[in-house]
1. Anything in the range 237-265 that is of a type in the set (S, T, Y) and part of a helix (DSSP H, G or I)? List them, or say none.
2. For F9, indicate whether it is in contact (Cβ under 8 Å) with a residue 40 or more places away in the chain and either out of contact with any Asp or Glu (no Cβ under 7 Å at 6 or more places or on another chain) or of a type in the set (V, I, T) (or both).
3. Go through the range 368-395 residue by residue and tally those that are outside any helix (DSSP H, G or I) and more than 18 Å from P418 (Cα to Cα).
4. Right, Q486: over 31 Å from the mean Cα position of the chain (by Cα) and in a loop (DSSP other than H, G, I, E, B) or not?
5. Residues in the range 452-461 that are over 25 Å from the mean Cα position of the chain (by Cα) and not in a helix (DSSP H, G or I): how many?
6. Taking only the range 494-521 into account, find how many residues are surrounded by fewer than 18 Cβ atoms within 10 Å (Cβ to Cβ), assigned to a helix (DSSP H, G or I), of a type in the set (S, T, N, Q) and over 33 Å from the mean Cα position of the chain (by Cα).
7. Checking D350 against (1) within 23 Å of I373 (Cα to Cα); (2) touching a residue at least 24 places away in the same chain (Cβ under 8 Å); (3) not aromatic (F, W, Y), only one condition comes out false. Which one?
8. Taking the options A226, A258, A323, name whichever one is in contact with a His (Cβ under 8 Å, 6 or more places away or on another chain) and farther than 26 Å from L77 by Cβ.
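FYI, it's all coordinate maths here, none of it is from the lab. Since the structure is predicted, the reported quantities are computational estimates derived from the model, not experimental observations. Here Cβ is always computed from backbone atoms with ideal geometry, including for glycine, and neighbour counts include all displayed protein chains.
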Amino acid sequence: MTSYRFGQFLVDCRSACLRRDGVVLPLRPKSFDVLVYLVQNPGRLIPKAELMEALWRDVIVTENSPVQCIKDIRGALQDTTQTVIETVSRRGYLFASPVIEIAGGEPDLCMKQIRGSTRDEFVLPLPERPSIAVLPFDNRSGDPDREYLADGTSEDLITALSRIRWLFVIARNSSFVYKGRIVDVRQVARDLGVRYVLEGSVRQHGKRLRISAQLIDAVTGAHHWAEQYDRDLDDLFSVQDEVARSVVAAIEPQLLAAEGIRASSRSARDLDAWELVARAQTHIWRLTREDYETAIGSLDRTIELYPDYAPARSLYSFRMLFAAHMGWVDRDIALRIGGQHARRAMALDDCDPWAHVALGYLYMMERRTEDAIAAFRKAVELNPSSASALGALSHCLAFAGRDGEAIARAEEAIRLSPLDPDMALFLGGIAVAHYCAGRFADSLRYTSQILRLRPQFQGAQRLLCAALAESGRHEEARTFLATVRQEQPQLSIAWIRQSVPYQTPDLMEQFLSGMRKAGLT
């Protein structure tokens, strides 16, 4: 079934809804039908009588019905100046925006995208969200009968990438028109309207399978990531699923980082909603108070300009709640404001893993343990390739004393994305789990590793104090606590009881025991 894209909007005929940057916009069914008819006829004057005949045949209605539908559509598009849908006095309506067809069965989508355009002048605009095309992987097995391995790998990657809500993924038919051709990735960018291209190859030798992949900026030609996966071919579907998850988990933070760097080189006044969020994310990874303040400032501006942009709400909520956990903001204020943004993000897009992570953090800080774990599990269900969602789930399980699963989830995140900017948080779940299980030497080992990555990570600093003390290294613990309190002057037994989210009284007392041995009162 054919859908249609214009500007930042998608008329999704498969699910009968209008989307903007992936977010569903409210539109009555009949108004949606009118919009579909208009986008199917861009640049052509549609008389009101034609609309009535096409959409209200055999139904008795007044001539005001299409007028009301047009009003609804303009409201959804925020088309207050009639730049998208023009009213031609006493004659009808004209859809004035260029329309991109996303066809389910077009043999060559690249040659027929914008109606009325010629191939020479054809250049697709980049969507406002970051966009990616998965090119058909090359079959390098030397056997044409193995072509299905390459095709299956490409399809699995497209499916897995489509779970990333902020990423615009070109569908199978769009990229498979390049099959069997030698392509220039910059030509792909022009043909498909994407910024990034994922390409690679599949090679089978006996019972061994090698899949290579690389992520390329199709605009600049820069290589952002490349990896090679060697697997035993015992269960083909399991192997392809595992590799697809690993590839997507590894490239998601790379895409976020690339988008953040790109946005950081421009004035904030020139950035759209996604670019402001990507810029904030680069600061969030650093886990410092100064970067928190910068990120919150960027997200404040984003929400002011784009109040219904769910990713900004989700990230703001998560960052505010994390700041309370670190001691950078008052806990009660953070729970109130962070909770408002988390719930609004859920209302805007309840299929966004980021929204469920924010809601899970809220519940964890409120010590609603089962609700928190359920929210984090939902985030993982929505995007099984999200290492950050797995890391968040690991943290919650660790604070609840479920050390075995907490460590397993963190190790899964690390295995999926071994160079992830959130690595300190993944290791944090393991460190907390070991401490809660009484394995203080293991907790100390992991906490030390975290602080080598993120020296100002204050949650890890506190855990190091407790782990040192419980390991019998009291003098080191006291010395380090004195250093920690210079950055966290509010740190006390009472503050920890309120703000550090150990989920049971016994686990809280175990942590406080270590902090008391380190000299905290």
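1. Filtering the range 237-265 down to residues of a type in the set (S, T, Y) leaves 238, 246, 264-265.
Matches in the range 237-265: S238, S246, S264.
2. yes
3. So the answer is 1.
4. It is false that Q486 is over 31 Å from the mean Cα position of the chain (by Cα) and in a loop (DSSP other than H, G, I, E, B).
5. Residues of the range 452-461 that are over 25 Å from the mean Cα position of the chain (by Cα), as a first pass: 452, 455-456, 458, 460-461.
This time we only want the ones that are not in a helix (DSSP H, G or I), so: 455-456.
Total satisfying the criteria: 2.
6. Residues meeting the conditions: 1.
7. Result: D350 passes all but (2).
8. A258
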